[in-house]
Amino acid sequence: MFYLIQSLNAVQYGLLLFLLSSGLTLIFGIMGVINLAHGSFYMIGAYLAFSLAKATGSLWLTIPIAVAIAFGIGLLLETTIFSRLYKRDHLYQVLLTFGLILVFEELRSILFGDDVHGVAVPEILNYSIPLTDTLSYPAYRLFVTVVCLAIAILLYLVIHRTRVGMMIRARNSNREMAASLGINSPLLFALVFAVGVALAAFAGAVAAPLSSVFPGMGNHILIICFVVVVIGGIGSINGALIASVAVGLADTLGKVFAAEYSAVAIYLVMAAILLWPPQEIANKV
C-alpha cells in the first residue's frame, strides 16, 4: 500500500509537469521561441493563489481569477515582446527571456517579500482517504490528479478534434504551407502563448497548497520541464504527457528507492536522448 501511495504521488506530480511542459513544448514547437521565463509563470500562479486566497478567502474563486490574469499577461507579453523574437536568433530569445526571469523575481520580491508562504487546502478537501488502518491519502492530492487528467484530455481533444487544433498541427508540421493556406499566424501565436502561460499559472495555483510558495520556485521546475520536452519531443502533446508521467514516476519512486541517484537518473535519460535521438515517443500534434 505504501508503494500505491508513492505511485499516486508520482502520477499527480507528472500531470502537474504536463500542464507546464505542454505549453512550453507548443510555444517552442510552433513559435520557435526558447522561453526560459516559462517557469516564472508557474511562480506567478502560485503567488497569485497566495495573495488572492487571502483577499477572497476561497481557493475556488482564486484559481479562475489567477488563470484569467495569467492569460492576460500572456497576451500582453506575446504582442509586445515575444512577437519581435520570431525571426531573431535563439541567442536573442535566451537573453531576453532570461531578463524576464530577473524582472519577475524582482517584482515578486517587491510585492511579496522574500519569505516562504503557504496556501491553505480548501476546507471541503482538507481530509485524508483511509487506505489501511495506518495509511491514508490526502483528498486534495487526488483532486489535483483528477483535474489535471481532465485538462490533459480536454487539451488532447482541442488539438485533435477542433479547427483551432488543426491550425496548430498544420503550423507545427509545415509553417510555409500553413502560411500559404491563409492561417492567421499572429492570432494563433498569441492564443497559443497565452494558453501556455495560463496552464503554467494554473499548475502553480493548484500546487500552492501542496508545497510552499517561495522565491525562485519557477527555476527548478523549468529545468524539469525542458527535460520533459526533450524526452517527449518538441511540439508533441502526446509525448509531453507520456514523458511527464515517466519523469514523475522516475523522480518520486527514485527518491524512495535511491534518493541520492534519483535526480541524476532523469538527466542521464535526457542526455542519452540528446546523444542518440530515438524516434519521438508520440507523433507530433
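The values are calculated or read from the model by the stated rules, or taken from the named source; none is laboratory data. Keep in mind that this is a model prediction, so the values were computed, not measured. Here the Cβ is made from the backbone with ideal geometry for all residues, glycine too, and neighbour counts use every protein chain on show.
If you check S180 against the conditions, is it at pLDDT below 90, surrounded by 14 or more Cβ atoms within 10 Å (Cβ to Cβ) and among the polar types (S, T, N, Q)? Even if it seems obvious, please write down each step before you answer.
Working: at pLDDT below 90: yes; surrounded by 14 or more Cβ atoms within 10 Å (Cβ to Cβ): no; among the polar types (S, T, N, Q): yes.
Here the answer is no, as S180 does not meet what is asked.
Considering every residue within the range 34-45, establish whether at least one is assigned to a helix (DSSP H, G or I) and either in contact with a strand residue (DSSP E or B) (Cβ under 7 Å, 6 or more places away or on another chain) or of a type in the set (K, R) (or both). Looking for residues that are assigned to a helix (DSSP H, G or I) and either in contact with a strand residue (DSSP E or B) (Cβ under 7 Å, 6 or more places away or on another chain) or of a type in the set (K, R) (or both), one finds none in the range 34-45, hence no.
Selection within the range 70-89: residues that are aliphatic (A, V, I, L, M) and part of a loop (DSSP other than H, G, I, E, B). The member of this set that is nearest to L48 (Cα to Cα) is I81. Might you let me know whether the range 47-54 holds any residue that is outside any helix (DSSP H, G or I) and touching a residue at least 24 places away in the same chain (Cβ under 8 Å)? Among the residues of the range 47-54, not one is outside any helix (DSSP H, G or I) and touching a residue at least 24 places away in the same chain (Cβ under 8 Å), which makes the answer no. Criterion applied to I129, I73, I124, I65 was being β-branched (V, I, T), in contact (Cβ under 8 Å) with a residue 40 or more places away in the chain and either out of contact with any Asp or Glu (no Cβ under 8 Å at 6 or more places or on another chain) or exposed (fewer than 12 other Cβ atoms within 10 Å of the Cβ) (or both), and the one residue passing it is I73.
Residues are listed down the side, and each one gets a yes or a no for (1) within 22 Å of the chain's Cα centre (by Cα); (2) within 30 Å of S7 (Cα to Cα); (3) of a type in the set (F, W, Y):
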{"position": "I73", "(1), (2), (3)": "yes, no, no"}
{"position": "I110", "(1), (2), (3)": "no, no, no"}
{"position": "G113", "(1), (2), (3)": "no, no, no"}
{"position": "I151", "(1), (2), (3)": "yes, yes, no"}
{"position": "R163", "(1), (2), (3)": "no, no, no"}
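Candidates are the residues of the range 141-172 that are small (G, A, S) and modelled with pLDDT of 85 or more; the one that is nearest to L241 (Cα to Cα) is A152. Considering only residues in the range 264-285 that are at pLDDT below 70 and not charged (D, E, K, R), the one that is surrounded by the fewest Cβ atoms within 10 Å (Cβ to Cβ) turns out to be Q279. Give the range 93-146 a look and list any residue that's assigned to a helix (DSSP H, G or I) and in contact with a helix residue (DSSP H, G or I) (Cβ under 7 Å, 6 or more places away or on another chain), or say none. Matches in the range 93-146: L100, I101, F104, R108, F112, L125, A139, Y140, R141, F143, V144, T145. Residues in the range 231-263 that are of a type outside the set (G, A, S), surrounded by fewer than 18 Cβ atoms within 10 Å (Cβ to Cβ) and either in contact (Cβ under 8 Å) with a residue 12 or more places away in the chain or over 27 Å from L4 (Cβ atoms) (or both): L249, L253, V256. Within the range 34-53, the set of residues being surrounded by fewer than 24 Cβ atoms within 10 Å (Cβ to Cβ) and at pLDDT below 90 comprises just one member, I34. Looking only at residues of the range 191-246 that are under 14 Å from the mean Cα position of the chain (by Cα) and among the aromatic types (F, W, Y), we find that the one that is modelled with the highest pLDDT is F202.
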